[in-house]
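K.L.:
Below is a structure I'd like to ask you about.
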Amino acid sequence: MAVPENSPALVDAIATRIATAPQQRISFAEYMDWVLYHPQHGYYGGGNAAIGAEGDFFTAASLGSDWGELLAEQFAEMWAVLGCPQPFSLVEVGAGQGQLAADILHHLQQHQPQLLAALDYTIVEQAPALAARQQERLQPWRDHGVAIQWRSLEAIPPDSLTGCVFANEVADALPVHRVTLEGGRLREIYVTTASGQNGPFAETSGEPSTPRLAQYLRWVGVELPSPAYPEGYRTEVNLAALDWLQAIAERLHRGYMLIVDYGYSAQRYYSPQRHQGTLQCYTQHQRNAHPYAGIGRQDMTAHVDWTALQQQGEACRLATLGLTQQGPFLMALGLGDRLAALSDGNWDVSTALRRRDALHQLIDPAGLGNFGVLIQAKGLSEAERHRSLKGLQTP
């Protein structure tokens, strides 16, 4: 499979950064941040992200409106549990092309107009090019008086949100540190410049850049290093996810946090058999393990450590309501009824087949249906915490 050409401007920018860094190297986390989020040339920041059938990857929202419509029903239930507050803050972190937001708003307009009237919809988007696309797509809603704004997390006052903060396939794109075992010691993988035919950058190893890396592993119950792990074992540590979740929790006064992504528990994530970690790159729906190619022109992700996110949320006063999978979550919200309705004779055959395929993809246990759904809450009464949300009930 051919990997896209590098962005020459981004390569130059990263090389300049490395030249000014101590020991002429940067952490892989900083490198990944540049590659994905450089405001002019990064994969997301520069507007190179291609989502959907003709792009590099697809999300649940790109399969049709069902994902957004079913999420909207879950948000409506959350609003009801909270006593129908006005305003109800719905904060989407990382909104992609804006399609999910549009599907949510359209469904609320059709089926939950009172919630739409109470809604304060905020998008947190660090990629300027994506924010511009979102604004264009959502302008009709703004023209009709729906409160939609774009803000950074830092610009949202602490303890100010009553509602729900949600992130769909965002945590996997947060920059990760990479670590390895050398001589029975934990070492960090750094990025430096290179000359030759293997690309502009190369890896080198050294002492960890921060003690937080070893602390993280102990915190999630992983003994690394230990004799169970082979020499050369490498994996990722997502410190950015902990900081990100803390920032969300600090801004939530009363309500919910909902995160959807692919990942593992810490014990599965850091299994000795997973000796190359989970970092992957994607281009044209093909996966590769070449993070130093296609720089700025392909996606780069790492799986989510659900143990770390759940524990960090709880450390930040977020009570865990449930960690389930996307398939059961959507079935509990009514996806099964949508499948059954395809047989009622109101659909032509070709449309019904397309709809059925899209719905099955959302719950496929070998794909999107195996994604994790973590729901945590803050500021709820004991009765509110014990009221089981529909999406967390067994369908």
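K.L.:
Being of a type in the set (Gly, Ala, Ser) and either open to solvent by less than 10 Å² (accessible area, probe 1.4 Å) or under 20 Å from Thr283 (Cα atoms) (or both) narrows it down to one of Ala19, Ala15, Ala2, so name that one.
P.N.:
Details: Ala19 fails: either open to solvent by less than 10 Å² (accessible area, probe 1.4 Å) or under 20 Å from Thr283 (Cα atoms) (or both); Ala15 fails: either open to solvent by less than 10 Å² (accessible area, probe 1.4 Å) or under 20 Å from Thr283 (Cα atoms) (or both).
Result: Ala2 is the single residue among Ala19, Ala15, Ala2 that is of a type in the set (Gly, Ala, Ser) and either open to solvent by less than 10 Å² (accessible area, probe 1.4 Å) or under 20 Å from Thr283 (Cα atoms) (or both).
K.L.:
Could I ask something else about it? Do we have Ala132 as of a type outside the set (D, E, K, R), more than 30 Å from Asn370 (Cβ to Cβ) and at pLDDT 95 or above here? Reasoning before the result, please.
P.N.:
Numbers: of a type outside the set (D, E, K, R): yes; more than 30 Å from Asn370 (Cβ to Cβ): yes; at pLDDT 95 or above: no.
Here the answer is no, as Ala132 does not meet what is asked.
K.L.:
Would you please list the contacts, defined by Cβ atoms under 9 Å and residues six or more apart or on different chains, that run from a residue in region 331-359 that is at positive phi to a residue that is charged (D, E, K, R) and open to solvent by 50 Å² or more (accessible area, probe 1.4 Å)?
P.N.:
Gly334/Glu73; Gly334/Lys390
K.L.:
What residue, of Pro200, Pro158, Pro175, is in contact (Cβ under 8 Å) with a residue 24 or more places away in the chain, in contact with a Leu (Cβ under 8 Å, 6 or more places away or on another chain) and not charged (D, E, K, R)? Can you show your working first?
P.N.:
Details: Pro200 fails: in contact with a Leu (Cβ under 8 Å, 6 or more places away or on another chain); Pro158 fails: in contact with a Leu (Cβ under 8 Å, 6 or more places away or on another chain).
None of the others qualify; the one that does is Pro175.
K.L.:
Over 17 Å from Asp305 (Cβ atoms) and surrounded by 11 or more Cβ atoms within 10 Å (Cβ to Cβ), is that true of Arg187?
P.N.:
Details: over 17 Å from Asp305 (Cβ atoms): yes; surrounded by 11 or more Cβ atoms within 10 Å (Cβ to Cβ): yes.
Yes, satisfied.
K.L.:
Another question about this same structure. If I go through region 309-321 residue by residue, how many of them are charged (D, E, K, R) and assigned to a loop (DSSP other than H, G, I, E, B)? Can you show your working first?
P.N.:
Our first condition is that a residue be charged (D, E, K, R); within region 309-321, this holds for 314, 317.
Imposing the further condition that a residue be assigned to a loop (DSSP other than H, G, I, E, B) reduces the set to 317.
Total satisfying the criteria: 1.
K.L.:
It is to be established whether one or more residues within region 28-36 are of a type outside the set (A, V, I, L, M), touching a Lys or Arg at 6+ places or on another chain (Cβ under 9 Å) and outside any helix (DSSP H, G or I).
P.N.:
Within region 28-36 (the criterion being of a type outside the set (A, V, I, L, M), touching a Lys or Arg at 6+ places or on another chain (Cβ under 9 Å) and outside any helix (DSSP H, G or I)), the answer is no, since none of the residues qualifies.
K.L.:
Any chance you could count how many residues in region 211-261 are open to solvent by 50 Å² or more (accessible area, probe 1.4 Å), in contact with a Gly (Cβ under 8 Å, 6 or more places away or on another chain) and either touching a residue at least 60 places away in the same chain (Cβ under 8 Å) or farther than 14 Å from Val179 by Cβ (or both)?
P.N.:
So the answer is 2.
K.L.:
Turning to a different aspect of this structure: Right, Glu125: of a type in the set (D, E, K, R), free of Cβ contacts under 8 Å to residues at least 40 places away in the same chain, closer than 30 Å to Tyr31 by Cβ and surrounded by 19 or more Cβ atoms within 10 Å (Cβ to Cβ) or not?
P.N.:
On the way: of a type in the set (D, E, K, R): yes; free of Cβ contacts under 8 Å to residues at least 40 places away in the same chain: yes; closer than 30 Å to Tyr31 by Cβ: yes; surrounded by 19 or more Cβ atoms within 10 Å (Cβ to Cβ): yes.
For Glu125, the condition - of a type in the set (D, E, K, R), free of Cβ contacts under 8 Å to residues at least 40 places away in the same chain, closer than 30 Å to Tyr31 by Cβ and surrounded by 19 or more Cβ atoms within 10 Å (Cβ to Cβ) - is met.
K.L.:
Here's a follow-up. Any residue in region 193-204 that is assigned to a strand (DSSP E or B) and in contact with a helix residue (DSSP H, G or I) (Cβ under 6 Å, 6 or more places away or on another chain)?
P.N.:
Yes, region 193-204 contains a residue that is assigned to a strand (DSSP E or B) and in contact with a helix residue (DSSP H, G or I) (Cβ under 6 Å, 6 or more places away or on another chain).
K.L.:
Mind listing whichever residues of region 369-395 are within 26 Å of His253 (Cβ to Cβ), touching a residue at least 24 places away in the same chain (Cβ under 8 Å) and part of a helix (DSSP H, G or I)?
P.N.:
Glu384, Arg385, Lys390, Gly391, Leu392, listed by residue number.
K.L.:
Please enumerate the residues belonging to region 266-308 that are touching a strand residue (DSSP E or B) at 6+ places or on another chain (Cβ under 8 Å), open to solvent by 50 Å² or more (accessible area, probe 1.4 Å) and in a loop (DSSP other than H, G, I, E, B).
P.N.:
Arg274, His275, Gln276, His285, Ala289, His290, Arg297
K.L.:
Farther than 27 Å from Ile248 by Cα, outside any loop (DSSP other than H, G, I, E, B) and free of Cβ contacts under 8 Å to residues at least 60 places away in the same chain: is that true of Ala366 in this structure? Explain how you work it out, then say what you get.
P.N.:
On the way: farther than 27 Å from Ile248 by Cα: yes; outside any loop (DSSP other than H, G, I, E, B): no; free of Cβ contacts under 8 Å to residues at least 60 places away in the same chain: yes.
In short, no.
K.L.:
Pull out all pairs, ordered by first then second residue, where Cβ-Cβ is under 7 Å, the residues are six or more apart or on different chains, the first lies in region 6-22 and is modelled with pLDDT of 95 or more, and the second is open to solvent by 20 Å² or more (accessible area, probe 1.4 Å) and of a type in the set (Lys, Arg).
P.N.:
These pairs meet every condition: Ile18/Arg25.
The values are calculated or read from the model by the stated rules, or taken from the named source; none is laboratory data. These numbers were taken from a predicted model, which means no experiment stands behind them. Using ideal geometry, Cβ is built from the backbone for each residue, glycine included, and neighbour counts are taken over all protein chains shown. What goes into the accessible areas is simple: the full protein's heavy atoms, side chains included, and nothing from ligands, DNA or RNA. Shrake-Rupley method; radii C 1.70, N 1.55, O 1.52, S 1.80 Å.
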